[in-house]
Amino acid sequence: MRVADVLGRIIGRDAPIRIVAYDGSKSGPDDADVALRVESPAALARLVSAPGTLGLARAYVTGEIEVEGDLYTALDALADVALQGIPRAEQVRLVRELAPVWLRHRRPAPAIEARPRGRLHSKFRDSQVISHHYDVSNRFYEWVLGPSMTYTCACYPTDTSTLEQAQEAKYELVAQKLDLQPGMRLLDVGCGWGGMVRHAAAHHGVRALGVTLSRNQAEWAQAEIERQGLAHLAEVRHLDYRDVKETGFDAVSSIGLTEHIGKSQLPSYFRFLSSKVRPEGRLLNHCITHPFSTSQRKIDPFIGRYVFPDGQLETVGTIITAMNDNGFEIRHEENLREHYARTLAGWGDNLEDHWDEAVAEVGLERARVWRLYMAASRLGFVRDNIQLHQVLGVKLGEHGRSGFPLRGWRSPS
């Protein structure tokens with residue numbers, strides 16, 4: 001058995017990538033821009049124990065597979081496998097063919113894989129999975145995300161805009177859609193490091209409350225609020241959104257939280273948010289979605305084990321229906337798919353610029369998880385495997401009053 005031939009069969013003979021294996025075998029074009037190096041038979045054992053993207057990811061995370069050249073370029077060359085996985089028939093063949101390798105070289109799953117406990121989407125379990133991803137290191141996130149500390153899709157106003165300019169533009173887009181005015185009250189659920197909260201307070205004079213399940217995020221955000229002199233307007237709490245007691249908010253922003261909610265919980269989620277806003281109050285929901293029905297697409301197992309445990313992506317139609325049926329009339333929707341691809345490219349560049357510091361801070365395996373996750377997600381957005389939608393809704397007032405102008409989002413001055 002030639003190892004390169006086995007891998008070559010999986011990724012396709014015409015893929016523009018070179019494979020070099022520990023047994024001296026090679027396949028693929030010699031002049032390819034990128035190469036896949038199989039360093040150990042343990043990599044093949046990974047494919048037996050998890051014959052798909054999870055097995056390949058485990059081998060990359062542990063260094064049993066190396067990539068020569070740009071990782072995004074390599075994944076683009078492997079797009080069918082990277083985005084769709086290994087076909088079932090090929091998985092069965094792999095298990096049969098490589099079973100002896102697995103018996104001799106099997107390894108436990110990397111320790112950094114998430115193993116959450118408790119009932120799915122319970123407060124106890126949600127706290128674990130959020131902590132797994134976000135309570136890593138604020139310093140690490142500063143290197144990857146940049147000064148804005150914003151871990152959601154940016155909105156690039158021009159082709160030449162920087163990541164920071166695009167993140168500022170995203171927050172302003174949300175503020176415009178919510179028609180934020182001085183003195184209003186905003187609730188930002190799943191607020192991250194408080195970017196939207198700080199923007200609303202600093203640029204619109206809004207009294208803003210953000211809540212997050214990540215203690216690291218809450219501590220960083222509150223310190224930054226105080227450093228910027230915004231404590232009289234803004235606050236971030238380490239709190240489950242379901243435990244917010246205040247009501248009567250003028251607006252709610254949900255930026256990157258719906259992915260963690262779960263399809264069965266969406267109706268109660270939007271009913272809860274509806275209970276928090278006044279009549280004619282608005283909700284802006286910003287989240288990653290599947291382009292097709294969820295019965296056709298499942299979250300990638302690598303993402304589920306290493307990045308967003310218990311994450312669930314729905315179609316934008318599912319999100320709109322859940323909002324519409326549980327307290328919000330839909331007023332506007334848009335897809336920012338290409339913007340997220342650019343955002344991920346920016347984060348990836350930041351990680352490479354700080355690679356040595358990142359490895360020293362969080363360890364090589366976790367740094368490799370992030371490198372792989374951002375490159376693979378970028379490819380997913382480029383190839384329309386995943387999308388990013390903003391949906392604007394309003395809680396209607398008496399006699400169906402929306403408070404919206406005839407056109408646009410901003411109320412008449």
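The values are calculated or read from the model by the stated rules, or taken from the named source; none is laboratory data. These numbers come from a predicted model, not from an experiment. So basically every Cβ, Gly included, is an ideal-geometry build from the backbone, and we count neighbours across all protein chains shown. Side chains included, ligands, DNA and RNA excluded: accessible areas come from the protein's heavy atoms. Shrake-Rupley method; radii C 1.70, N 1.55, O 1.52, S 1.80 Å.
Pop out the carbon and sulfur fraction of the accessible area of segment 311-413 as a percent, whole number, probe 1.4 Å. Whole-percent figure for carbon plus sulfur exposure: 45.
With contacts defined as alpha carbon pairs under 8 Å and 6 or more residues apart, what's the relative contact order of segment 233-338 in percent?
Working: 115 pairs, mean separation 32.7, N = 106.
Over segment 233-338, the number comes to 31 percent.
Taking packing as the residue-averaged number of other Cβ atoms within 10 angstrom, the listed peptides 163-170, 11-18, 86-93 run from highest to lowest as 163-170, 11-18, 86-93. Dimensions of the chain based on its C-alpha atoms, expressed as ranges along the principal axes with the largest first, amount to 73, 43, 42 Å.
Sort largest first and round to whole Å: the equivalent ellipsoid semi-axes of segment 303-375, each the square root of five times a Cα gyration tensor eigenvalue. Mind showing how you got there, number by number?
Working: eigenvalues 232, 48, 15 Å².
Largest first, segment 303-375 gives 34, 16, 9 Å.
So which of 177/245; 170/276; 245/276; 177/395; 123/263 end up more than 18 Å apart by C-alpha?
Details: 177/245 25 Å; 170/276 23 Å; 245/276 9 Å; 177/395 14 Å; 123/263 16 Å.
Beyond 18 Å: 177/245; 170/276.
The share of accessible area on segment 170-265 that comes from carbon and sulfur is 48 percent, using a 1.4 angstrom probe.
For residue 329 and residue 66, calculate 0.36 nm times their separation in residues minus their Cα-Cα distance, and state this gained length in nm to one decimal. Let's see the in-between values first.
On the way: separation 263, 0.36 × 263 = 94.68 nm, distance 4.98 nm.
Between residue 329 and residue 66, full extension yields 89.7 nm more.
Principal axis extents of the Cα atoms in segment 1-87, from largest to smallest and rounded to whole angstrom, are 32, 28, 22.
In whole percent, what relative contact order does segment 315-379 give with Cα contacts below 8 Å and a gap of six or more residues?
36 percent.
In the neighborhood of residue 288, defined by Cβ-to-Cβ distances under 10 Å, what is the net charge if each Lys or Arg adds +1 and each Asp or Glu adds -1? Intermediate values should be presented prior to the final figure.
Values: positive: 337; negative: 259, 314.
Combined, the nearby Lys, Arg, Asp and Glu give -1.
If you wrap the tightest convex hull around every Cα atom of segment 235-367 and split its volume per residue, you get 148 Å³.
Summed over the residues of the chain and divided among them, the accessible surface reaches 43 Å² per residue at a probe radius of 1.4 Å.
Using a probe radius of 1.4 angstrom, the carbon and sulfur fraction of the accessible surface of segment 29-148 is 50%. The label-point distance for residue 159 and residue 5, in a model that sets each label 7 Å from Cα toward Cβ, rounds to 4.7 nm. In terms of the mean number of neighbouring beta-carbon atoms within 10 Å, the peptides 108-118, 218-228, 178-188 order highest first as 178-188, 218-228, 108-118.
For segment 84-218, the pair-distance distribution built from all alpha carbon pairs, in bins 5 Å wide starting at 0, is 2, 9, 13, 13, 13, 12, 11, 8, 7, 5, 4, 2, 1, 0 percent.
Once Rh for segment 124-176 is found with the Kirkwood sum over Cα pairs, what is the Stokes-Einstein diffusion coefficient at 20 °C and 1.002 mPa s, in µm²/s? Don't skip to the end; give the middle numbers.
Details: Rh = 12.6 Å.
Rounded to a whole number, D works out at 171 µm²/s.
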